[in-house]
Amino acid sequence: MTRIISGRAGSLTLDVPDAGTRPTSDRVRESLFNALSASDLLRGARVLDLYAGSGALGLEAASRGALTVDLVEKAPRAATVIRRNVTRVRSALRGEPDAARIAVHRTAVEAYLRSAPVAVFDLVFLDPPYDLSDADLGAALELLVPALSPQATVIVERAARSGAPSWPTGLTPERDRRYGDTALWWATRDAHPEPVSQSR
């Protein structure tokens, strides 16, 4: 069973796709969101959840005070499950004056990022399938950089055995944490990218 851990929709049960996704465990999400809350990275944040699966990461952020949440998932069954979960969370947040605006995008991550607005997202989760190649993950991260606000936080969840992502220019790795077979890698958008040197 997957559930919203805390916040205004805390304890709400979420559906999980019956195949093709790998939901983040409650233990990992609780540790992750405790760290995000301690750093004050959730309230008022514009959140992007890529390879969203059940939507649990983005919807946890909505429960804890995010301003907007965009969930991107290309698998039709998973996207249907996400929409059901979004309906439940919206119902739990109904009447809250600052309830998150939540949108579901049924499309591939790369296609979404190619048309994403510039410098918008403050917090991004990427929880790709374990079989996504390092090259494909690296390409997604590179496409993501222009959509990040200054000093945005990016968190990648992968199998611990996969090793750290190849971070593109514009993202600086900050820390990593392992939970058994799962690992989280954190990076931050460079606030002041180095200017391109001009030839003299």
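Give just the number: which of (1) among the small types (Gly, Ala, Ser); (2) surrounded by 15 or more Cβ atoms within 10 Å (Cβ to Cβ); (3) under 12 Å from Ala62 (Cβ atoms) does Ala35 not satisfy? Here Ala35 clears every test but (3).
The residue that is modelled with the highest pLDDT, counting only those in the range 147-166 that are assigned to a helix (DSSP H, G or I) and out of contact with any Gly (no Cβ under 8 Å at 6 or more places or on another chain), is Ala147.
Among residues of the range 53-73 being without any contact (Cβ under 8 Å) to a residue 40 or more places away in the chain and buried (at least 24 other Cβ atoms within 10 Å of the Cβ), the one that is nearest to Glu96 (Cα to Cα) is Val69. Between Ala92, Ala108, Ala45, the distinction of being at pLDDT 95 or above, within 21 Å of Thr153 (Cα to Cα) and small (Gly, Ala, Ser) belongs to Ala45 only. In the range 149-172, of all residues being loosely packed, with under 14 Cβ neighbours inside 10 Å and either of a type outside the set (Ser, Thr, Tyr) or touching a helix residue (DSSP H, G or I) at 6+ places or on another chain (Cβ under 7 Å) (or both), the one that is farthest from Asp40 (Cα to Cα) corresponds to Arg161.
Consider the range 76-87 and keep the residues that are free of Cβ contacts under 8 Å to residues at least 60 places away in the same chain and surrounded by fewer than 19 Cβ atoms within 10 Å (Cβ to Cβ). The one that is farthest from Asp18 (Cα to Cα) is Thr87. Within the range 22-35, the residues that satisfy the criterion of being under 14 Å from the mean Cα position of the chain (by Cα) and either free of Cβ contacts under 8 Å to residues at least 60 places away in the same chain or assigned to a helix (DSSP H, G or I) (or both) are Pro23, Val28, Arg29, Leu32, Phe33. I need the full set of residues from the range 1-18 which are closer than 20 Å to Leu67 by Cα and either free of Cβ contacts under 8 Å to residues at least 12 places away in the same chain or surrounded by fewer than 15 Cβ atoms within 10 Å (Cβ to Cβ) (or both), in order please. Across the range 1-18, the qualifying residue is only Gly10. When restricted to residues that are in contact with an Asp or Glu (Cβ under 8 Å, 6 or more places away or on another chain) and without any contact (Cβ under 8 Å) to a residue 24 or more places away in the chain, the range 88-105 contains 0.
For the range 112-125, which residues satisfy the criterion of being of a type in the set (A, V, I, L, M) and either free of Cβ contacts under 8 Å to residues at least 12 places away in the same chain or surrounded by 21 or more Cβ atoms within 10 Å (Cβ to Cβ) (or both)? So that I can check it myself, show each step before the final result.
Quick first cut of the range 112-125, residues of a type in the set (A, V, I, L, M) only: 113, 116, 118-120, 123-124.
Matches in the range 112-125: Leu113, Leu123, Val124.
The values are calculated or read from the model by the stated rules, or taken from the named source; none is laboratory data. This structure is a prediction, so every number in the text was calculated from the model and none was measured. Counting neighbours? That spans all protein chains shown, and the Cβs are built from the backbone with ideal geometry, glycine included.
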